Amino acid sequence: VTCHRDGRARVDGRCYGAVCPSVATHPTKSAAIAHNLRRGRQLAVAGTAPMQTPPHCDRSGPRPRVYTYTLPKHLHAAPDYWRQGKALLQWVRTSVHHEPDGDCADYWLLPGFPPNVFSRADMRSLGDVRIARIFHYLRSRWPWWNRTADAGQARHVLLLPGDHGPGDTGYDRPIYPHKWSPTDSDAAQDRRNHVWNGSHAAEIRRLWGAGWEALNPASPGRLVLFLLYSGWADQLTSQRGHCLNCFTHGLDVRLPSDEAHTCGPLCGLPRRRTAECPECGLGRKGRVAALGRLVAAPSPTAARNCSLHWAGRGSVGSNPARKTLLQLVDAPGVCIHDTGRSGVNAVDIPSAMRTSRFCFSPRGWDNGDSDRYLPALLHGCIPVLSDPLEAMPLQELRDEWRWEEAALAVDVARIPKLPQVLGSLGPGAEAALRAA
């Protein structure tokens, strides 16, 4: 599909992110937007022609080399331990890939994300203006943002650990292409962007304007690499590119859910000591030990008497995959539990996964990151994802791991037929998926 005016193709053959035809009639406005769209085309070849490195840099060490920024407190709150924010900085700074000289780095890591609201009690948005200030500070103080931007390369890295990535952390909603570009009047733009503080909007336009596309999560020309816990590329499902998570294949990296996450690897293991889990009263290390004991114990295929397992809140929220799955509650051999309904007992997740052949792993009840795939793999249950477009953790390491050889993906429309689809797989195919 060829999209007019450099829009990006959707899966259904239509385009999103295209420049509005009425805007293209204004030469000064369309020229600024065209500049950013050229940046988007350059991203397609990012990395094929590395930037020149100063001669004093040692190129013999492990690659890539990663420099970590330190930002002043008035621009950025110190990262905390939520979803490995502080740990990421510590890991990088103590690894063999850390580069103390920014001139010699391949990538530049920001120290977490700025809070996008005043507080939990005051939810007025502050994300976009804080992002604008941070990156303006970077380009004004150091040469590395300008150097990578001029090369059209996305080498600045930002962790956005919210369930919806930039839709929850760092940025303001709504998110869509050309959000702060000079496409119409400031007043109309402010209404569309739900602006409550006109001076903030004016500051973003003054600092970045059409150049915001280099920072815009929804822009095909974004020059910031996101580390996300969700691989939802929801901009591909919107004709105009609106998105919450905005994962861009070939640019962003999805991270696996950490141990502390609600239904990450330790999903279902109690936080207190029980007769079945005596180690669980010893904190995270005890729960990890309990998981290791369960994984090491044999679980023959013959004991997997449930063809498909899932337990969670299905009747609430906005996820169509979860709601559709409830049609299979009474299907023979299927073990579906809607824990959001009264009268439904809690489910022992580890035991259920160890006695099931396939485990459904949809996005969260509000389309947040999916996470059941990790405990499913650990317990020998083949993950079934609910979005074929969803990127998976560390899928870039294809020489070491191929998700398509270890998991399945199904469109929402086919979920009612999922028992028949899974039943059509031969024993050899199922065994290969489990052994991958």
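The values are calculated or read from the model by the stated rules, or taken from the named source; none is laboratory data. Quick caveat: nothing in here was measured; it's all calculated off a predicted structure. For neighbour counting, all protein chains shown are included, and Cβ atoms are generated from backbone atoms with ideal geometry for every residue, glycine included. Surface areas here come from the heavy atoms of the whole protein model, side chains and all, with no ligands, DNA or RNA. Shrake-Rupley method; radii C 1.70, N 1.55, O 1.52, S 1.80 Å.
When restricted to residues that are assigned to a helix (DSSP H, G or I), under 23 Å from Q235 (Cα atoms) and of a type in the set (A, V, I, L, M, F, W, C), segment 189-203 contains 0. Among the residues of segment 402-412, is there at least one that is small (G, A, S), assigned to a helix (DSSP H, G or I) and open to solvent by 20 Å² or more (accessible area, probe 1.4 Å)? The answer is no; no qualifying residue exists. Each residue in segment 170-218 was checked for being of a type in the set (S, T, Y) and open to solvent by less than 10 Å² (accessible area, probe 1.4 Å), and 2 pass. Of the residues making up segment 242-291, those that are more than 16 Å from L374 (Cβ to Cβ) and either within 16 Å of the chain's Cα centre (by Cα) or modelled with pLDDT of 90 or more (or both) are H242, C243, L244, N245, C246, F247, T248, H249, G250, L251, D252, V253. Scan segment 365-382 for residues that are crowded, with 20+ Cβ neighbours inside 10 Å, under 14 Å from C263 (Cα atoms) and of a type outside the set (D, E) and the total you get is 9. Residues in segment 292-302 that are assigned to a helix (DSSP H, G or I) and not hydroxyl-bearing (S, T, Y) were compared, and the one that is modelled with the lowest pLDDT is A302. Does H309 qualify as being open to solvent by 40 Å² or more (accessible area, probe 1.4 Å) and not β-branched (V, I, T)? No, not satisfied. Residues of segment 274-286 that are part of a loop (DSSP other than H, G, I, E, B) and exposed (fewer than 14 other Cβ atoms within 10 Å of the Cβ): T274, A275, E276. Kindly evaluate A407 against the criterion of being among the hydrophobic types (A, V, I, L, M, F, W, C) and in contact with a strand residue (DSSP E or B) (Cβ under 7 Å, 6 or more places away or on another chain). Against the criterion (among the hydrophobic types (A, V, I, L, M, F, W, C) and in contact with a strand residue (DSSP E or B) (Cβ under 7 Å, 6 or more places away or on another chain)), A407 qualifies.
Of all residues in segment 220-242, those that are of a type in the set (S, T, N, Q) and surrounded by 19 or more Cβ atoms within 10 Å (Cβ to Cβ) total 2. For G283, the requirement of being out of contact with any Gly (no Cβ under 7 Å at 6 or more places or on another chain) and outside the structural domain of P427 (by the TED database) is met.
Say we look at segment 313-364 and pick out the residues that are in contact (Cβ under 8 Å) with a residue 60 or more places away in the chain and assigned to a strand (DSSP E or B); which of these is least open to solvent (accessible area, probe 1.4 Å)? The residue in question is F358. Scanning segment 426-436 for residues that are closer than 20 Å to P332 by Cβ and open to solvent by 50 Å² or more (accessible area, probe 1.4 Å) yields a single hit, P427.
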